[in-house]
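The values are calculated or read from the model by the stated rules, or taken from the named source; none is laboratory data. Computed from a predicted model, the values in this text were never measured in an experiment. Cβ: placed from backbone, ideal geometry, glycine included. Neighbour counts: every protein chain shown. With ligands, DNA and RNA removed, areas are computed over all heavy atoms of the protein, side chains included. Shrake-Rupley method; radii C 1.70, N 1.55, O 1.52, S 1.80 Å.
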Amino acid sequence: MKLFADTAIISEIEEVSEWGIISGVTTNPSLIAKSGITLLKAIEKIVNLIDGPISAEVAEGKSEDMIKEAKVYAKMHKNIVVKIPMTLEGVKAVKALSSLGIKTNVTLVFSTSQAMMAATAGATYVSPFMGRVDDFTNTTDSGFKLVKDIKDIFKTYGFKTEIIAASIRHIDHVDQAMKAGADIATIPYKVLKIMEKHPLTDKGLSIFREASKN
Ligand code: G3P
């Protein structure tokens with residue numbers, strides 16, 4: 001499973017890019033608002049930090065408007081993936097963009113039928129939202145089941161669309177994304193930062209430190 005950073009904050013992307021294991025970035029309007037810069041400025045900076053797919057989201061609306069906006073982002077850099085909301089207009093836009101060779105990431109996916117529609121339209125990626133599904137159902141495994149079901153269905157029907165597990169809130173979601181077979185997990189900075197941690201690693205290090213003093 002590839003690891004993407006789910007943030008538009010440049011200092012965070014700078015930091016995680018140095019680890020050498022982050023192979024893409026996803027943004028959305030909420031993340032752009034938090035970053036304090038415009039989407040266009042963010043794209044300009046992020047493409048120089050991570051050499052991999054960078055998702056830039058269009059405003060929800062009519063397919064022709066989304067296509068127009070998508071073309072602007074796609075022209076900016078070869079790594080741009082246009083994020084399109086999961087609506088019928090979005091599906092129409094994905095179909096048109098995929099025939100132009102523009103990569104798309106269909107976002108706000110909460111069901112297998114939505115994922116199948118997006119994949120049929122030619123989406124490069126679909127983004128099921130694990131955390132929000134868990135919140136909605138008040139469970140801890142609905143996000144896992146959603147990703148796993150989409151994975152199984154894509155395999156059954158031979159869809160090439162990759163699954164980006166999104167709306168990841170904690171390490172258990174990362175674990176579930178791997179077990180469900182997500183191709184990618186897009187992970188917020190605060191979760192990326194704690195993924196290396198385990199109390200037994202700290203304890204082991206302290207035992208080794210003590211031992212090396214003797
Ligand atoms: O990748 C989508 C993600 O940013 C949404 O996360 O926590 O707002 O559900 P959240």
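Some observations on this one:
- Neighbourhood net charge (13 Å Cβ-Cβ; Lys/Arg +1, Asp/Glu -1) for Phe4: -3
- Share, in percent, of DSSP beta bridges within the chain that are antiparallel, nearest 5: 0 percent
- Lysines whose Cα lies under 21 Å from that of Lys155, excluding same-chain neighbours fewer than 8 positions away: Lys2, Lys95, Lys103, Lys145, Lys179
- Scanning residues 5 or more positions from Glu162 or on other chains, those with amide H under 5 Å from its amide H are Tyr125, Val126, with H placed 1.01 Å from N in the peptide plane.
- Rolling a 1.4 Å probe over the protein heavy atoms of region 2-212, with every protein chain left in place, gives an accessible area that is 58 percent carbon and sulfur.
- For Ser206, solvent-accessible area (1.4 Å; no DNA, RNA or ligand), Å²: 50 Å²
- Surface accessible to a 1.4 Å probe, Glu60 within the full protein complex, Å²: 130 Å²
- One way to sum up the overall shape of region 92-162 is the equivalent ellipsoid from its Cα gyration tensor, whose semi-axes run 24, 13, 8 Å, largest first.
- Under a 5 Å amide H cut-off, with hydrogens placed 1.01 Å from N, Ile84 pairs with Asn105, Val106, Thr107 among residues at least 5 apart or on other chains.
- Positive minus negative residues near Glu210 (Lys, Arg vs Asp, Glu; Cβ under 15 Å): +2
- 1.4 Å probe accessible area per residue over the chain, in Å²: 52 Å²
- Of the residues Ala56, Ala42, Ala185, the one that moves most in a GNM of the chain with alpha-carbon contacts below 10 Å is Ala42.
- Principal axis dimensions, region 110-214 - Cα atoms, whole angstrom, descending: 64, 29, 22
- Rounded to the nearest angstrom and listed largest first, the equivalent-ellipsoid semi-axes of the chain from its Cα gyration tensor are 32, 22, 14.
- In nm, spacing of pseudo-spin labels at Trp19 and Tyr157 (7 Å Cα→C-beta vector): 3.4 nm
- Sequence-distant aspartates and glutamates (8 or more away, or on other chains) whose Cα lies within less than 12 Å of Lys92: Glu64, Asp65
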